[in-house]
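Novice: One structure coming up, written as structure tokens, with questions to follow.
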Amino acid sequence: MGGPCREFTTPHARSVLPLLPTVAKMPEPIPLETEHGLYLPDLELWLDSRRSRENGFVSHAHADHFGRHQNILCSEATAHILKTRFNVAEERLNPHPFHIPLEVGPFRLQLLPAGHIFGSAMLHVTRKADGASLLYTGDFKVRRSLTAEDPVFRRADTLVMETTFGKPGWVFPSINEVTGQILNFINECFEAGEIPVLLAYSLGKAQEALALLHQSRISAVLHKTVTQMTTACREAGCRLPAAVPFEGTVPPHHVLICPPNVIRNKEYKALPKLRTAMLTGWALDKSTISRFGVDAAFALSDHADYPGLLEAVKRVMPKRVLTIHGYTREFAAELRRQHYDAWSIEGDDQIELDLSSP
Ligand SMILES: [Zn+2]
């Protein structure tokens with residue numbers, strides 16, 4: 001990756017996370033700064049920074065993980081999607097294939113599938129001198145999906161993980177159960193002469209919905225941003241049916257897939273008898289239906305649920321864990337109960353006192 005990032009070389013601008021207590025022969029953790037976002041100073045590399053940086057790893061093409069960096073390290077599929085979605089110039093992109101080691105000075109990098117959306121990647125870093133390692137997950141999912149690559153976890157000393165659903169109780173039904181609920185909803189709409197509308201974010205969830213319908217031989221028409229993202233994913237190698245754009249009408253026995261924020265737009269006002277269903281992990285919370293003003297909600301998620309998060313930790317076998325996004329403190333506290341050295345990146349963790357000890 002390019003030259004030094006001067007802005008962050010002054011010591012007082014850094015918040016270097018505390019090192020683990022010295023244990024014989026255990027390598028020191030790879031430094032990670034957290035004050036202005038996630039930054040690996042030894043690699044001069046930002047992780048999913050939304051601010052424009054010199055060098056940035058972009059784990060996937062969702063807007064909340066993207067910044068207009070000078071040099072973007074990402075998976076090959078994400079590079080293609082970024083060009084379509086955010087008009088990123090080719091020369092800024094440094095796409096790298098999954099699994100193939102990338103040597104950067106004294107470090108070896110590896111992109112691993114994160115299972116979140118098509119193209120989503122985790123970043124595994126190894127310091128060659130002493131073998132110290134770090135895994136940054138970005139958004140991830142443990143269960144298999146129809147469109148994202150199967151996730152691959154690799155052992156690492158430090159695990160930096162998202163914890164969107166990091167609280168007990170967030171346990172998603174099986175994919176078969178959720179698929180059954182969605183198909184029932186669609187059949188009920190068809191029988192009642194209504195148009196079923198699946199509300200799904202235009203990148204990721206919408207393609208998953210399309211693939212799910214396709215395997216049940218149900219056709220769909222797509223909002224224009226869903227059409228655009230579906231075409232970009234297909235071009236990048238995702239197995240999906242060709243996108244059929246919505247052009248004012250929905251043919252009989254077709255489903256409309258569109259992002260949640262556009263369904264009240266005037267282009268849909270003229271359609272008779274719409275019945276809407278939101279696809280989101282938050283569907284487990286009963287208030288989701290009223291909050292989004294929809295007729296139904298189904299727990300199709302592109303994130304790991306609580307057991308999935310615990311499963312990821314088990315597979316990575318980290319010496320320390322740093323949590324970001326969602327229930328960071330709650331999940332870190334649970335890991336500490338399980339004797340991991342785990343902390344929320346937001347700080348303010350409540351330290352538990354073990355009153356049972358003498
Ligand atoms: Zn995401």
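Novice: Give me the 1.4 Å probe accessible area per residue for region 179-300, excluding ligands and nucleic acids, in Å².
Specialist: In whole numbers, region 179-300 has 47 Å² accessible per residue.
Novice: Can you tell me which of 61-70, 131-140 comes out highest on packing, and rank the rest after it, using the mean Cβ neighbours within 10 Å?
Specialist: 131-140, 61-70
Novice: Which length gain, in nm to one decimal place, applies between residue 289 and residue 239 when the Cα-Cα distance is subtracted from 0.36 nm times their residue separation?
Specialist: 14.9 nm
Novice: Taking the square root of 5 times each eigenvalue of the Cα gyration tensor, what semi-axes in Å does the equivalent ellipsoid of region 175-298 have, largest first?
Specialist: 20, 17, 15
Novice: Here is a further query. Within a Cβ distance under 14 Å of residue 191, other residues only, what is the Lys/Arg minus Asp/Glu net charge? All intermediate terms of the calculation are to be shown ahead of the outcome.
Specialist: Working: positive: 273, 275; negative: 188, 194.
Charge balance near residue 191 sits at 0.
Novice: In degrees between 0 and 90, to the nearest 10, how far off the longest principal axis of the chain does helix 328-337 point, with axes built from Cα atoms?
Specialist: Once rounded, one gets 60 degrees.
Novice: Which net charge results for the neighbourhood of residue 276, defined as the other residues with beta-carbon distances under 12 angstrom from its beta-carbon, given Lys and Arg at +1 and Asp and Glu at -1?
Specialist: So the environment of residue 276 carries a net charge of +1.
Novice: Percent of accessible area on the chain owned by carbon and sulfur, 1.4 Å probe?
Specialist: Accessible surface attributable to carbon and sulfur in the chain totals 53 percent.
Novice: Given 128/319; 167/269; 205/319; 128/314; 83/286, which pairs have Cα atoms separated by over 28 Å?
Specialist: Over 28 Å Cα-Cα: 167/269; 205/319; 83/286.
Novice: Have a look at the DSSP beta bridges in the chain and tell me what percent are antiparallel, nearest 5.
Specialist: So the antiparallel bridges in the chain amount to around 35 percent.
Novice: Here is a further query. Could you run the Debye sum over the Cα atoms of the chain, one equal point scatterer each and no solvent, and tell me log10 of I(q)/I(0) at q = 0.09, 0.10, 0.14 Å⁻¹, two decimals?
Specialist: For the chain, the Cα-only Debye profile gives -0.54, -0.65, -1.16.
Novice: Also: Give the relative contact order (percent, whole number) for region 77-235; include only Cα pairs under 8 Å separated by 6+ residues.
Specialist: 18 percent
Novice: Tell me, in nm to one decimal, what length is gained between residue 51 and residue 144 on full extension, where the rule is 0.36 nm per residue of separation less the Cα-Cα distance?
Specialist: Separation in residues times 0.36 nm, less the Cα-Cα distance, equals 30.3 nm.
Novice: Here's another thing I want to ask about it. Explain nothing, just the number: dipole magnitude of region 175-298 about its Cα centre with +1 on each Lys and Arg Cβ and -1 on each Asp and Glu Cβ, in debye rounded to the nearest 20.
Specialist: With only Lys, Arg, Asp and Glu charged at Cβ, the dipole is about 260 debye.
Novice: Shape verdict for region 111-194, please, from the Cα gyration tensor: rounded (a/c under 1.5), prolate (a/b greater than b/c) or oblate. List each step's numbers first, then the result.
Specialist: Values: a/c = 4.32, a/b = 2.72, b/c = 1.59.
The shape class here is prolate.
Novice: Residue separation times 0.36 nm, minus the C-alpha to C-alpha distance between residue 337 and residue 275: what's the value? Kindly include the intermediate steps, with their values, before the conclusion.
Specialist: Values: separation 62, 0.36 × 62 = 22.32 nm, distance 4.48 nm.
Stretched out fully, the residue 337 to residue 275 stretch lengthens by 17.8 nm.
The values are calculated or read from the model by the stated rules, or taken from the named source; none is laboratory data. On a predicted model such as this, the values are computed, not experimentally measured, just so you know. Here Cβ is always computed from backbone atoms with ideal geometry, including for glycine, and neighbour counts include all displayed protein chains. The accessibility values were calculated without ligands, DNA or RNA, using every heavy atom of the protein model including side chains. Shrake-Rupley method; radii C 1.70, N 1.55, O 1.52, S 1.80 Å.
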